[in-house]
1. Roughly to the nearest percent, how much of the accessible area of segment 32-378 is carbon and sulfur, given a 1.4 Å probe?
2. Treating only the Cβ of Lys, Arg, Asp and Glu as charged (+1, +1, -1, -1), what charge dipole size does the chain show about its Cα centre? Round to the nearest 20 debye.
3. Considering only protein heavy atoms, with the full assembly of protein chains and a 1.4 angstrom probe, order Tyr426, Tyr462 by accessible area, largest first.
4. Using Cα pairs under 8 angstrom and six or more residues apart, how large is the relative contact order of the chain, in percent?
5. Highest mean first, what order results for 264-277, 113-126 on Cβ atoms within 10 Å?
6. Report, in deg cm²/dmol and to the nearest 500, the calculated mean residue ellipticity at 222 nm for the chain, where each DSSP H run with n ≥ 4 adds -39500 (n - 2.57) and the sum is divided by the residue count.
7. How large is the accessible surface of Cys133 in square angstrom, using a 1.4 angstrom probe and rounding to the nearest 10?
8. Report Met243's accessible area, 1.4 Å probe, all protein chains in place, as a number in Å² to the nearest 10.
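The values are calculated or read from the model by the stated rules, or taken from the named source; none is laboratory data. The structure displayed is predicted, hence computed values, not measured ones. In this analysis, Cβ positions are derived from the backbone assuming ideal geometry, glycine residues included, and neighbour counts consider all displayed protein chains. All accessible areas refer to the heavy atoms of the entire protein, side chains included, with ligands and DNA or RNA removed. Shrake-Rupley method; radii C 1.70, N 1.55, O 1.52, S 1.80 Å.
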Amino acid sequence: MQQSRSEVVEQDGLFELSEGSDVLDSPRYNPDIAPTKVHQRTWNKWHITALWVGMSICVPTYTLGGVLTAYFGLSVGEALLAILLANVIVLIPLTLNAFPGTKYGIPFPVLLRSSFGILGSNVPCLIRAVVACGWFGIQTMFGGLAIHLFLGSVFDGWKALGGTGEVIGFMIFWCLNLWVVLRGAESIKWLETLSAPLLVAVGVGLLFWALPHMSMTELLAQPPKRPEGASVVSYFCAGLTAMVGFWATLSLNIPDFSRYARSQKDQILGQIFGLPLTMFLFAALGVVLTAASASLVGETVSDPVSLIGKIQSPFWVALAMALIVIATLSTNTAANIVSPTNDFQNIAPRLIGRSRAVWLTGFIGLALMGHELLKKLGLIVSDLSLESVYSNWLLGYSSLLGPIAGIMVVDYFLIRRQKLDLAGLYRDDVYPAWNWAGFAAFALPVGLTVMAIGNSSFSWFYDYGWFTGSLLGGALYAALGGLAARNPVRLAKPLP
């Protein structure tokens, strides 16, 4: 006989929900966004380390050094320092927001129900989901190019397909991504654990290939591309903000992964071991290879896929492209599909299960890349480039997520004092439908960030958007959150 009221059991600091009919019959619940059972939390520190190695070693990370030197006016040494420091800084919200996921086994959208409301959580969820779908499309484009080059090195006639071959590669890679995620969290853990040592080996091999063709001393001595005599501080802080924004998305939805961690110690050590050093070393590799590319292939190439594709040996091209496919697959599945899959389920858990949410994520990512795919097929002509979408819209949009990170940390640690009503997060009678304090704390910093665009006297607020947004959002929520908790606006009755 099914119990009527849900019960919560604690085991060594981890909380598990034994669902009763009050939760099982709720429209806010489905098995895929339900709290993980303690026996399902099997990821140790090395699994989480592998997760971050797999997510960090990707084409965008490779290009970060070039972005900071070309667009932010930093020297090579300053750029690498900014990347390392940014990833140490971003560990703070990553680790803190991972705590409730590990303790209660809940994913990101369910955690947001505490700070934005049972229904209001859908607003930040969808903001996060759109960013993820955009990144999914871009990473799939890189993975599709690697598949195209792999097939071109194996089959002589494939290269003649040109853009059509790249589109076919895109669709093959698109299917691979969805297949991995549809198989569940254990499949992702297996992929990340398998790929991490392979990716490290690829990085070491590429470094040994490049080092004889360039001088580190000359590379570090290159002058920065900023006005002579200009202070480094403003340029460095702007670049630092952009690099923190690189993982702004994961600093929000890290509970989607920490809900599988065996303990808080495992999630903390895994993130410390896996993130900062991997990001720094692979970005440094990108700087070295880009500098050496002129000697290696006769021209400067900042994209590793294109650079390796110019190698004359079909065997090494095929091997390298196969490994790049694995690298991009491990990044894409974990960083860009898991989150929107959970976010879309949060809208209507009874109607949208995990499989439907995965397909929805895939088709939105495909639609966002439709313009680029039509260009490759020669059906349209346009000056809009994938690089401009990557550097302008996605990076800028990601910086607006700072307030959400600040609000989540303050809500859990200061307002709730690390205590959540686990069953109440899946019902309509404990937390408010819309938490006005969360929306006020989010809207003000976002509004100020948008107003600061193009405003010379207030541009610093935009330039340092992730820091200003997260700090202001957190401070406002600290002031308003206590009042909202005492005066909740709940649903008059459960929605269908």
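1. Result for segment 32-378: 70 percent of the exposed heavy-atom area is carbon or sulfur.
2. Computed charge dipole of the chain: roughly 840 debye.
3. Tyr462, Tyr426
4. 29 percent
5. Ranking, from highest mean packing down: 113-126, 264-277.
6. -20500 deg cm²/dmol
7. 0 Å²
8. Roll a 1.4 Å probe over it and Met243 shows about 10 Å².
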